[in-house]
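S.K.: Structure provided below as structure tokens; questions to follow.
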Amino acid sequence: MDFDDFFQHMTNKQPYDYQRLLAKSDWFDVLIAPTGLGKTAAVIAAWLWRRQDKPQQTPRRLVYCLPMRTLVEQTEKNARCWLERLARAGLGQDLPSVDDVYVLMGGVEPPRDRLRWYEAPERPAILIGTQDMLISRALMRGYASGRARWPVEFALLHNDAFWVFDEVQLMGAGLATSVQLAAFRERLRSALPTMSLWLSATLDPCWLRTVDSLSPKKVLRVPGDVPQDARSHAVRSLIEAHKPLAKAPVAPTGAKEAEIKLYIRDLAVFVQKKRAPRGRTLVIVNTVDRAQKLRTELLKLDVREEKLVLIHSRFRMEDRRKQMERLMAVNDAIVVATQAIEAGVDISSAVMITELAPWASLVQRFGRVNRYGERKKEEGGAPVYWVDLPVELAAPYDGKHLDEARERLLSLADAAPAILGDPGQVEPPRRVIRQKDLIDLFDTDPDLTGFDVDISPYVREAADTDVHVFWRDLKALATETEPVRPSRNELCAVSIGRARDWVKALRARKLPIYVPDPQWRKGERARADMPPGWRRLDGELWPGATLLVDVAAGGYDPALGFVGEVGDASQGPVTPIAAAPPDQTETDQEEGEETNEGFARPVTLMDHTEHVVAEAESLCAALSIVGSEKNAILQAARWHDVGKAHEVFQETMRRGLAEPARYDGVLLAKTDKQHLRHKRSYFRHELASALAFLAHKKWRRDGDLVAYLIAAHHGKVRMSLRARPEERQPDGEQESVRFARGIWEGDKLPAVDLGDGVVCPETELKLTIMELGEDAVTGASWTERTRALLGEHGPFKLAWFEALLTIADWRASAKERIGSANATTSF
């Protein structure tokens, strides 16, 4: 089958010539194509085709990064539809299924009945997410992700991945970060090839020049670089579609409340006057607040509610879905929208009224009127009216960019794509990530004060970072023991600035606000006025935070979205969305706690070791990892849990047994009872494992990589080795004794048979390695060893090796938990 047939089965359309080029030629770095020409379909089809045609040369993961939630939802819907069509046509072999499409948005995880994307590095997958969720993970500080998972997500996003950055004119600071990360991968090398593609209808390749990426990109301009498309009648009808342009006679006079109220009233009258007799009338304003007020004012003018659609990004998913369904179904509606409709929404309108915006945004908006050239010039085309704004109402944009756009608009009489010219400029980022910053981020330990590096300036302008809110009846949660987790349908995205104002108002009314509690232990009942798994919000909000509030807190209207008002008796409570069934997600364990997640029966240390080695073997085979790298991963798998032979760990295992006599004298890796705490605080068995391995290697430097993989496989002991701030010197010790992560100088491990002829002899654990400088016995410090590994392998390769052992351990434990036939014990 050739690509044309493949594309036809996938989309029910014949491809343009540029779509063929994208699939069959060498990889491009930049795609610039007018709205309406199927850029999303072109990119996904090209990657799918290459996965079938040249799988060894095509990354397994397509990472589709978008600046807005609404674009994520639209892209996910399209991707699933296209994969279903290919599967029905019998063309899904070796391609991802619909279950391999993952959404990263607002920190919501997929159901636990299938592998997560970060658990299956050998499977092809499509990841679709907001830049907040994806770029933060690419910086090893994933928003709404557990600290222990950061290295794995980082590894899978920088190895064997094809990044697609769509609608780049909306990315802000994330654009420069995406370019810098691509430059770092080229310089520092990934374990498996990873590439990037930037695309938009409004993109200047000069935007992609950064301090570490000055070389020109390989650009595909449509139709300019594709003669056949340039001659195509279908393409010409799109880029020459008639859109007469005029300045609207209404405009706000200032930013005062009374002035905004008058403007909204005048704008509603103008919309009603210019409403299309046939087809949609699209009105785009620059803020959610003005969009909500305009909808309310139009209702006062007797516009029927069923003929009004409101589109913005501050709805809960279910309410947003209803609005989108009405948008597509009601052809003669008045659609009031914000920037959320600028990109990724495949609609055409008969009339457009838009507020002044930066030129790149206006070009995107113009693509939503007479999109397919369906309204001919001789019939008057589709008129576009633009509303001027004073500098006081420039936000969320820069007034300078509005001045530039105004000047261009005044010189034009038509908004046809062919005559709009260059896309203008984007605001340069305030801060650009450098290689040293990325290297520093590789260390995931918080600083001594407990704080992490703030990556938000590299992800998105601080004023435009979202948090997520959901509403529950807190009284109904009083007897719950399972942690409260939001479903994707419940979450409402709110800009962090507006959320902070709302939180302030809630606090003034003494209404509680909750955030996830990483210290909460499973099995604990809800405390008074405290939902299980949550704690009260103290201090300021942070990017990516998830807030739980009571339905009585108000702040949301299903018809308007988030309104930020505090609930009262007249307004009534927010109607909660039915909670999702409990998710069996493995959460980060609290420091000092080893949990046993519902294992079918105890598992011996010998059996667990063999299971992890088998999973590591399987991963290496699937990913074609051979030679010294494979040997290091398998050796780390063999030694990774030898520290569980420590008396502290074994005492915990014995305490959890239902039938202790049955396992007398047997070293255990898992026990019956769940949620047990070690009697020694902060105990980390993987540190004991790494120290035992280094002692076995007589502290030689050729064991550093394996020792690092062993220590890091739970994401707790990585680049640095130091005691927790709360740790105290062992009781009863007269002299200072080194201690770190629950391991004490002089602790002993018994002899352990690790299988395959490998025996760890009785070992005394030494912690001189945690000191700076070189010791006569243990040699170089842990910090020196890990820094040398990072310099030798680079962050992308080192994280990749680390991730493979971690995933092998996850998989073995998951099979043991459900009593898989491939993960049974010998008892």
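The values are calculated or read from the model by the stated rules, or taken from the named source; none is laboratory data. The shown structure was predicted, so the numbers you read here are calculated from the model rather than taken from an experiment. Note that we place each Cβ from the backbone using ideal geometry, even for glycine, and neighbour counts take in every protein chain shown. Calculation scope for accessible area: heavy atoms of the full protein, side chains included, ligands and nucleic acids excluded. Shrake-Rupley method; radii C 1.70, N 1.55, O 1.52, S 1.80 Å.
S.K.: Evaluate E = 1/(1 + (r/R0)^6) for ASP445 and ARG321, where r is the Cβ-Cβ distance and R0 equals 35 Å; express this FRET efficiency to the nearest 0.05.
M.R.: Computed FRET efficiency for ASP445 and ARG321 comes out at 0.30.
S.K.: Leaving ligands, DNA and RNA out of it, work out the accessible area of LEU83 with a 1.4 Å probe and give it in Å² to the nearest 10.
M.R.: Per-residue accessible area (LEU83): approximately 10 Å².
S.K.: Largest first and to the nearest Å, give the Cα extent of the range 41-176 along each principal axis.
M.R.: Principal-axis extents of the Cα atoms in the range 41-176, largest first: 39, 33, 28 Å.
S.K.: Using every pair of alpha-carbon atoms in the range 27-87, split the distances into 10 Å bins beginning at 0 and state the percent of pairs per bin, rounded to integers.
M.R.: Going from the shortest bin to the longest, the percentages are 18, 52, 29, 1.
S.K.: For the chain, calculate the relative contact order in percent as a whole number, restricting contacts to Cα pairs under 8 Å that are 6 or more residues apart.
M.R.: Averaging sequence separation for qualifying contacts and normalising by length gives 12 percent for the chain.
S.K.: To continue, here is another question. Among ALA125, SER178, LEU238, whose Cα lies farthest out toward the positive end of the dipole of the range 101-238, if unit charges sit on the beta carbon of Lys, Arg (+1) and Asp, Glu (-1)?
M.R.: SER178
S.K.: Right, next: What figure, in Å² to the nearest 10, do you get for the accessible area of VAL103 with a 1.4 Å probe and non-protein molecules left out?
M.R.: 20
S.K.: Stick to Cα atoms and the Kirkwood definition of Rh, then tell me Rg/Rh for the range 348-423.
M.R.: With Rh from the inverse mean 1/r over Cα pairs, Rg/Rh is 0.98.
S.K.: Of GLY544, THR479, HIS696, which is farthest on the positive side of the dipole of the chain, counting Cα position, with +1 on Lys and Arg Cβ, -1 on Asp and Glu Cβ, and the Cα centre as origin?
M.R.: GLY544
S.K.: Which value results when the Cα radius of gyration for the range 1-112 is divided by 2.2 N^0.38 Å?
M.R.: The range 1-112 yields a ratio of 1.06.
S.K.: So what is log10(I(q)/I(0)) for the range 283-436 at q = 0.10, 0.12, 0.15, 0.16 1/Å, when the Debye sum runs over its Cα atoms only?
M.R.: Normalising to I(0) and taking log10 leaves -0.40, -0.57, -0.86, -0.97.
S.K.: What is the antiparallel percent of DSSP beta bridges lying wholly in the chain, to the nearest 5?
M.R.: 35
S.K.: Rounded to the nearest 0.05, what FRET efficiency do GLU122 and VAL666 have when you use their Cβ-Cβ distance and R0 = 25 Å?
M.R.: Values: r = 33 Å, r/R0 = 1.34.
Efficiency computed from Cβ-Cβ geometry: 0.15.
S.K.: Then there is this: Can you compute the radius of gyration and Dmax for the range 687-751, using only the Cα atoms, both in Å?
M.R.: Final numbers for Rg and Dmax: 12.9, 37 Å.
S.K.: Let me ask you something else. So what's the convex hull volume per residue for the Cα atoms of the range 696-827, in Å³?
M.R.: Measuring per residue, one finds 170 Å³ for the Cα hull of the range 696-827.
S.K.: Report, in debye and to the nearest 20, how large the dipole of the range 59-154 comes out about its Cα centre when Lys and Arg carry +1 and Asp and Glu carry -1 on their Cβ.
M.R.: The dipole of the range 59-154 has a size of about 140 debye.
S.K.: Moving on. Taking the range 38-128, which GluC sites (Glu not before Pro) meet the DSSP loop condition and have no more than 16 other C-beta atoms within 10 Å?
M.R.: On the way: sites: GLU73, GLU76, GLU84, GLU119, GLU122; in loops: GLU122.
Those that pass, being in a loop and sparsely packed, are GLU122.
S.K.: Before anything else, pin down the relative contact order of the range 668-792: Cα pairs under 8 Å, at least 6 apart, normalised by residue count, whole percent.
M.R.: Numbers: 161 pairs, mean separation 30.5, N = 125.
Computed value for the range 668-792: 24 percent relative contact order.
S.K.: Report the far tail of the P(r) of the range 656-710, meaning the percent of Cα-Cα pairs longer than 17 Å.
M.R.: 56
S.K.: Based on Cβ point charges of +1 for Lys and Arg and -1 for Asp and Glu, what charge dipole magnitude is obtained for the chain about its Cα centre, in debye rounded to the nearest 20?
M.R.: Dipole size: approximately 1960 debye.
S.K.: Just to verify a number: what accessible area does HIS312 come out at with the full protein assembly present, 1.4 Å probe, Å² rounded to tens?
M.R.: 0
S.K.: Can you pull the semi-axes for the range 592-749, root of five times each eigenvalue of the Cα gyration tensor, sorted largest first, whole Å?
M.R.: 26, 23, 13
S.K.: Placing one identical point scatterer on every Cα of the range 219-304 and ignoring solvent, what is log10 I(q)/I(0) from the Debye formula at q = 0.20 Å⁻¹?
M.R.: Summing over Cα pairs of the range 219-304 leads to -0.93.
S.K.: Sort TRP520, TRP502 by heavy-atom solvent-accessible area, probe 1.4 angstrom, most to least. Walk me through the numbers before you get to the answer.
M.R.: On the way: TRP520 30, TRP502 5 Å².
I get TRP520, TRP502, largest accessible area first.
S.K.: Check LEU754: other-chain or 5+ apart residues with amide H under 5 Å from its amide H, H built from backbone geometry?
M.R.: Here VAL759, CYS760 satisfy the definition.
S.K.: As a test of the formula, what do you get for the chain when each DSSP H run with n ≥ 4 contributes -39,500 (n - 2.57) and the sum is divided by the residue count, at 222 nm and rounded to the nearest 500 deg cm²/dmol?
M.R.: Taken over the chain, the calculation gives -10500 deg cm²/dmol.
S.K.: Stick to Cα atoms and the Kirkwood definition of Rh, then tell me Rg/Rh for the range 111-258.
M.R.: 1.09
S.K.: At a threshold of 8 angstrom on Cα-Cα distance, excluding pairs fewer than six apart, so keeping six or more, what relative contact order does the range 345-470 reach in percent?
M.R.: With pairs under 8 Å counted, the relative contact order is 24 percent.
S.K.: Pick out, in residue order, every one of the trypsin sites (Lys or Arg not before Pro) in the range 1-36 that is DSSP loop and has at most 14 other C-beta atoms within 10 Å; say none if there are none.
M.R.: Here the sparse-neighbourhood loop sites are LYS13.
S.K.: Distance between the C-alpha centers of the range 298-326 and the range 145-216? Whole Å please.
M.R.: First find each Cα centre; the distance between them is then 35 Å.
S.K.: Would you work out which of THR194, THR354, GLY38 lies farthest towards the positive end of the dipole of the chain? Charges go on Cβ: Lys and Arg +1, Asp and Glu -1.
M.R.: Sorting the options by dipole projection puts first THR354.
S.K.: Treating only the Cβ atoms of Lys and Arg (+1) and Asp and Glu (-1) as charged, compute the dipole magnitude of the range 127-273 about its Cα centre; round to the nearest 20 debye.
M.R.: The dipole magnitude comes to about 80 debye.
S.K.: Can I ask one more? Mean projection of the alpha-carbon convex hull of the chain over all orientations, in nm²?
M.R.: 37.0
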